[in-house]
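For reference, the structure is listed below as structure tokens.
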Amino acid sequence: MTHPLIDRLLTDLGYPEINLANHDDFVAEAGMNVVFFPGNPETVRDATDVAVVLPELVEAFAGQIRPGVVTDTFGDGKQLKRQYGFTQYPALVFVRAGDYVGTIARVQDWTDYLTRIADLFVAPSTRPPGFKIPVVADRSFAVATSNND
């Protein structure tokens, strides 16, 4: 599901559409690659805002960031989202020459974008955050064994 502002990134600006088949090759390119995950524009309020801001960011960084767009929110996009471990749409995922560097989620103030992206250029690569699974201790075992004393 797309929107004219997201389609514009692909058709007018020539950003590649990222899917499972081309993702690894895209992010492996030298330099800073940014994968835009808009989410479903019908339900993600900020999706179109970030679609408007992304070309401005590319221009502000004088072509130092190479953008791609994930339009399939529920198929390939869902698997790629899991790979990067972010929880909020829209998201800009930054990958430098194949190595994850960071994510900026939701719409931000312009100066925050500029500062955070500049910081990502010098940040070391890291492992993408994983989804957190709450751990609940099973106390029944402890209680059962203590009654056997």
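Summary of values
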item: Candidate set from the stretch 1-20 (those that are under 20 Å from LYS78 (Cα atoms) and acidic (Asp, Glu)); member that is farthest from the chain's Cα centre (by Cα); result: ASP7
item: Options THR43, THR48; residue that is more than 16 Å from ASP72 (Cβ to Cβ) and hydroxyl-bearing (Ser, Thr, Tyr); result: THR48
item: Inter-residue pairs, beta-carbon under 7 Å, first in contact (Cβ under 8 Å) with a residue 12 or more places away in the chain and surrounded by 12 or more Cβ atoms within 10 Å (Cβ to Cβ) and in the stretch 23-46, second among the polar types (S, T, N, Q) and in a strand (DSSP E or B), 6+ apart; result: PHE26/ASN33; VAL27/ASN33
item: Pairs where the first residue, in the stretch 96-122, is over 14 Å from GLU56 (Cα atoms) and the second is charged (D, E, K, R) and not in a strand (DSSP E or B), C-beta under 6 Å, 6+ apart; result: ILE104/ARG116; ARG106/ASP46
item: Qualifying helices (runs of 4 or more DSSP H) (wholly inside the stretch 3-68; at least 3 residues being β-branched (Val, Ile, Thr)); result: 47-60
item: Output for the stretch 57-70, where each listed residue is without any contact (Cβ under 8 Å) to a residue 24 or more places away in the chain and not aliphatic (A, V, I, L, M); result: GLU59, GLY63
item: When residues of the stretch 1-22 are limited to those that are hydroxyl-bearing (Ser, Thr, Tyr) and surrounded by 13 or more Cβ atoms within 10 Å (Cβ to Cβ), the one modelled with the lowest pLDDT; result: THR2
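The values are calculated or read from the model by the stated rules, or taken from the named source; none is laboratory data. Since this is a predicted model, take the numbers as computed values, not measurements. Here the Cβ is made from the backbone with ideal geometry for all residues, glycine too, and neighbour counts use every protein chain on show.
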